[in-house]
Number of protein chains: 2
Amino acid sequence: MIEVLIVGSIGLDDIETPFGKIINTLGGSAVYSSIASSFFAPTGIVGVIGEDFPKEHMDLIERRRIDTKGIEELEGKTFRWSGKYEFDLNTAQTLKTELNVIENFKPKIPEEYKNAEYVFLGNIDPELQLSVLEQIKNPKLVVSDTMNYWIESKREKVMEVINAVDIALMNDSEARELFKTPNLVKAAKEILKLNSDYAIIKKGEHGAVMFTDNKHFSVPGYPLEDIKDPTGAGDSFAGALTGFLAQTKELNDSNLRKAMVYGSVLASLEVEGLGVTNMDFITQFRIKERFEEFKEIVKF
Amino acid sequence: MIEVLIVGSIGLDDIETPFGKIINTLGGSAVYSSIASSFFAPTGIVGVIGEDFPKEHMDLIERRRIDTKGIEELEGKTFRWSGKYEFDLNTAQTLKTELNVIENFKPKIPEEYKNAEYVFLGNIDPELQLSVLEQIKNPKLVVSDTMNYWIESKREKVMEVINAVDIALMNDSEARELFKTPNLVKAAKEILKLNSDYAIIKKGEHGAVMFTDNKHFSVPGYPLEDIKDPTGAGDSFAGALTGFLAQTKELNDSNLRKAMVYGSVLASLEVEGLGVTNMDFITQFRIKERFEEFKEIVKF
């Protein structure tokens, strides 16, 4: 039985960084977030692949004991993204996006997924996010993410998703763009007005912040000297956050704060290698160790 | 007897923000930092003014019981800076800088300042910072700041200052520029290699980080919805940090971390008003209250 249901993209990525280039690597928001979630709770993934999806990629997902019944194979090619990071590694320059099979994807949630209590709507077309939500019976917690691409092309639908979820999560630049303000506190307040209980804003190397009506929590970025590839950091953050909350089964301020830190732990471990592959080597010991390091970093 | 000696610029600022414009307002690195320091320890200021320096500005400084014996009046005009902030308030666009009397300034430290144990070398020509340092007898702690202007025009002297101090403090963009790396951890390590015990990097709305050989501390930015004017935030941070360390008289990890938080407290209170004037209304109660808020913000 899965506890966490994750929907998002499953793709083949070509990634170029100053430290190297990898092609045809396993990628996509659902992949990074499911792997991160799987360290905390039984996780199922919903997404679509094409006929060209390599078996070794599916093997990696299954090695993490992620339930793959929700992965549908359609005729045609898998979603592809290629991006390039410049020297400062801060923002990816998208070189190419091929939607391929995602264009005709209508998520059908397997019967046994419908009772999942924790749901992460990873970055994908907001209409697909909404259609997943309609099929879930009685979720305890729904977390959403989005991307500038959807903010620019389907702003109203992005708003509808935020309106329907408990925790709306996005990048700082996306929050600024969505609510047309440079001030993140103002943007967070707009998210809360849209009926979302929590607004979480990811700030890359500067960590992440969570806002609710009367509380504010901030987790710093982990001081990494060697970031190899930032791809998937935000998805790893979101997956670990949702997975940890599923593990605790209780949504309160203390668990939410810890979930933010576990999110940061997984994100910081993930960016230490190119692509998704080094997530294969993350252990519970390293997660625990880095969690304790975060405590030291903010202690005063 | 002063405990903290602060050197830096004293000036007249014209500041334009989306929320208003003020002209001929009291400004300068030594002014913001002395006022912030004065909440924690007896502070003396070293700097230069021209014949046009308004009496009410001197009154404001003296109201904070800052020792002004180190302020020299020279023939000519006071240093002037005018800057403009766009909508996002992140970086000031310098419209005009007139060095005026600063050009011929040779700091002469009053005899009774020479035993000051805590020294902050605020942003000013690094050669002036070094000449101040030569005149101090036996400081326990020296903190330095700088600015992109000096990094670009007197890089070697900036390095010499960092080499001579205990805590080198600068903005993230300055650290990146000085050591030609986008990675702040790498930049901080370069600072430490230059014989400075601590590297503190200010990151504006994202807070500040402190690096030593084997420890790392991070303080978040205070979530301000209404930043009126960021001018002087970094100087207020540095002044409060130095002042608090002078108050505790003991340089250890715990006090340094608290000093970083008090720095952030003063910076966050200062930017809530235009110019320096609202620092006149900061109280010990508000400082304590915001310090406690910072505890809540990072607790997990």
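Readers should treat all values here as calculations from the given coordinates under stated rules, not as data from a laboratory. Worth saying up front: this structure is predicted, and the values here are computed from it rather than measured. No Cβ is skipped: glycine too gets one built from the backbone with ideal geometry, and neighbour counts run over all protein chains shown.
Numbers below:
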item: Scan of the stretch B:252-284 for residues that are in a loop (DSSP other than H, G, I, E, B), more than 14 Å from chain A (Cβ to nearest Cβ), touching a Lys or Arg at 6+ places or on another chain (Cβ under 7 Å) and among the hydrophobic types (A, V, I, L, M, F, W, C), ordered by number; result: B:274
item: Members of the stretch A:175-211 that are surrounded by fewer than 20 Cβ atoms within 10 Å (Cβ to Cβ), away from chain B (no Cβ under 13 Å) and not in a loop (DSSP other than H, G, I, E, B); result: A:193
item: Any hit, the stretch A:159-169, residues being surrounded by 23 or more Cβ atoms within 10 Å (Cβ to Cβ), within 14 Å of chain B (Cβ to nearest Cβ), over 29 Å from residue B:183 (Cα atoms) and touching a Phe, Trp or Tyr at 6+ places or on another chain (Cβ under 9 Å); result: no
item: Which numbered condition residue B:209 fails, given (1) over 26 Å from residue A:296 (Cα atoms); (2) hydrophobic (A, V, I, L, M, F, W, C); (3) in contact with a strand residue (DSSP E or B) (Cβ under 7 Å, 6 or more places away or on another chain); result: (1)
item: Matching residues in the stretch B:74-113 - criterion: being assigned to a loop (DSSP other than H, G, I, E, B), exposed (fewer than 13 other Cβ atoms within 10 Å of the Cβ) and polar (S, T, N, Q); result: B:90
item: From the options A:300, A:294, residue that is surrounded by 15 or more Cβ atoms within 10 Å (Cβ to Cβ) and either out of contact with any Lys or Arg (no Cβ under 7 Å at 6 or more places or on another chain) or not in a loop (DSSP other than H, G, I, E, B) (or both); result: A:294
item: Cross-chain or 6+ apart pairs with Cβ under 7 Å, the stretch A:212-232 first and under 12 Å from residue B:185 (Cβ atoms) and more than 7 Å from every other protein chain (Cβ to nearest Cβ), then surrounded by fewer than 23 Cβ atoms within 10 Å (Cβ to Cβ) and among the acidic types (Asp, Glu); result: A:226/A:272
item: Selection from the stretch B:285-300 of residues that are farther than 16 Å from residue B:64 by Cβ, more than 9 Å from every other protein chain (Cβ to nearest Cβ) and in contact (Cβ under 8 Å) with a residue 24 or more places away in the chain; result: B:290, B:291
item: Considering residues of the stretch A:136-153 that are touching a strand residue (DSSP E or B) at 6+ places or on another chain (Cβ under 7 Å) and not hydroxyl-bearing (Ser, Thr, Tyr) only, the residue farthest from residue A:111 (Cα to Cα); result: A:145
item: Enumeration of residues in the stretch B:84-101 that are more than 14 Å from chain A (Cβ to nearest Cβ) and either out of contact with any Leu (no Cβ under 6 Å at 6 or more places or on another chain) or among the charged types (D, E, K, R) (or both); result: B:84, B:92, B:93, B:94, B:95, B:96, B:97, B:98, B:99, B:100
